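The structure appears right after this line, and notes come after that.
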Amino acid sequence: MQNVIKVPLFFDRHLHLREGDMLKTVLPCTINQHATGAVIMGNLKEPTSSVERTIAYWDEIMSHIPPGVDFKPTMAAYLTDQTTPEEIVRGVKEGVWQAVKLYMADQNGQGGTTGSAHGVKNLRGRNKVFEAMQKYHIPLLGHFEAVEKEVDEFDREIVSLNRDLIPLLRDFPELPIVFEHLTDGRVADFIAQSSHELYATVTAHHLIMNRNWMFNGGVWNEDGKYHGGMNPGHYCKPVPKREEHRLRVRKHVTSGNRRFGAGTDSAPHDETAKSHCYGCAAGIFTAPKAVELYTTVFDEDNALEHLGAFLSENFVNLYGRTISSKMMTLRRIPSTIPQKVGNVQVFMGGTELPWTLE
Ligand code: DOR
Ligand code: ZN
């Protein structure tokens, strides 16, 4: 039995840090996980749709990084219906953006998730942007979920794969694409077999929970008592799927397929925003223990030899990063997930994991 693992320092390919006090509260969690950087999502009140806005946000993040800490945010342009190819190319050439993030919204500006209202309503209206991205090899990070109310919540990814992604791959065969926070086993099979530059990020929470977790609680209160019932703490987008899908995604991930990489989608929301009876915010906060959660998954699948590549190596070059030459150490020593950081509940808070990141 392996009790010590050394892997290159972590790179989180999908992270929400927010702004202001929340940023100050949650950023240390990712830094403490020995991340050399992260792809920072720009779905803010004023999204990162212009070069100037992104520079201002980058400056805000950098102002909270302690001296001597080597953490470099990777910024993504937030694509809107107004984004021009010139703006994207300028932002990339100036070194501000390394990728373009695609959120989609319906015709009423109703997006599929938090902060997606400014997202793209007319995907193929952006063809000129995709052409430029293909030419300069700029990756598209796609939240591929159908947004129409009529589409079944649990089929949103497969509908978007067939309707949005497959035609994009056909028309822009050289465009690198990352399918963000993958949950659907059918999509996972498609990506695993693809001949395109197609990758997927996978969250720790989607590797661990199926859709039952949203409906049968699984909450342990501070008094140690179990509470059943609906649990908004397990609500995120995309929603967790059937067990069969979780296992299919997980099989590709822990078998060491290099098209799959860690992207936590750690998405902090204040407790009050999460525990609304109506309109509960989508998002799960895993940043404080993400590495240990992923390690537990690979360990359970007897696949620790593939952990380092998944966490820190696979397709990081796509974001203009190199694999860290520094290593971090995980030991088979139990550690407990904190209940809360600030006012944010941590996923599986209070649970003991078999691993500790040194
Ligand atoms: O659950 C989610 N929360 N999914 C997303 O795509 C966005 C995120 C957020 O920003 O809270
Ligand atoms: Zn996200």
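The values are calculated or read from the model by the stated rules, or taken from the named source; none is laboratory data. The structure displayed is predicted, hence computed values, not measured ones. Cβ placement follows ideal geometry from the backbone for every residue including glycine, while neighbour counts extend to all protein chains displayed. Just so you know, the surface numbers come from the protein's heavy atoms only, side chains and all, with ligands and any DNA or RNA stripped out. Shrake-Rupley method; radii C 1.70, N 1.55, O 1.52, S 1.80 Å.
Within the accessible area of the chain, the carbon and sulfur atoms contribute 51%, probe 1.4 Å, all protein chains present. Farthest toward the positive end of the dipole of the chain, out of 308, 209, 297, is the Cα of 308, where the dipole comes from beta carbon charges about the Cα centre.
Between 44, 293, 311, the GNM of the chain built on Cα springs shorter than 10 angstrom shows 44 fluctuating the most. Given +1 at the Cβ of Lys and Arg, -1 at the Cβ of Asp and Glu and no other charges, the dipole of segment 142-267 around its Cα centre is 420 debye to the nearest 20.
In straight-distance terms, cross-link reach from residue 121 covers every one of the aspartates and glutamates whose alpha-carbon lies under 17 Å from its own, apart from those fewer than eight places away in the same chain; here that gives 81, 106, 145, 148, 150, 157, 164. When you filter the trypsin sites (Lys or Arg not before Pro) in segment 135-184 for DSSP loop state and at most 16 other Cβ atoms inside 10 Å of their Cβ, you are left with 149. Among the listed pairs 251/274; 101/128; 24/289; 72/93, those with a Cα-Cα distance over 23 Å are 251/274. Label positions at residue 86 and residue 56, each projected 7 Å from the Cα along the C-beta direction, are separated by 2.2 nm. The slack in the chain from residue 1 to residue 331, taken as 0.36 nm per residue of separation less the alpha-carbon distance, amounts to 117.6 nm. Probing with 1.4 Å while keeping every protein chain in the model, the per residue accessible area of segment 10-323 equals 40 Å². Scaled to the globular estimate 2.2 N^0.38 Å, the Cα spread of segment 10-323, given as radius of gyration, is 0.94.
Shown here are the Rg and Dmax of the Cα trace of segment 1-159, at 17.1, 55 Å.
The packing ranking, built from the mean of other Cβ atoms within 10 Å per residue, places the peptides 248-261, 172-185 in the order 172-185, 248-261, highest first. Per residue, the convex hull around the alpha carbon atoms of segment 88-240 comes to 136 Å³. Modelled label positions at residue 65 and residue 272, each set 7 Å beyond Cα in the direction of Cβ, lie 3.3 nm from each other.
Under the simplified labelling scheme, the residue 323-residue 149 pair shows an inter-label distance of 4.9 nm, with each label point 7 Å from Cα along Cα→Cβ.
The alpha-carbon positions of segment 206-358 define a convex hull whose volume is 131 Å³ per residue. The helix-only estimate of mean residue ellipticity at 222 nm for the chain, built from DSSP H runs of length n ≥ 4 each weighted as -39500 (n - 2.57), is -7500 deg cm²/dmol after division by the residue total.
With all protein chains in place and ligands, DNA and RNA left out, the 1.4 Å accessible area ranks 53, 186 as 186, 53, largest first.
For residue 352, the solvent-accessible surface with a 1.4 Å probe is about 120 Å², rounded to the nearest 10.
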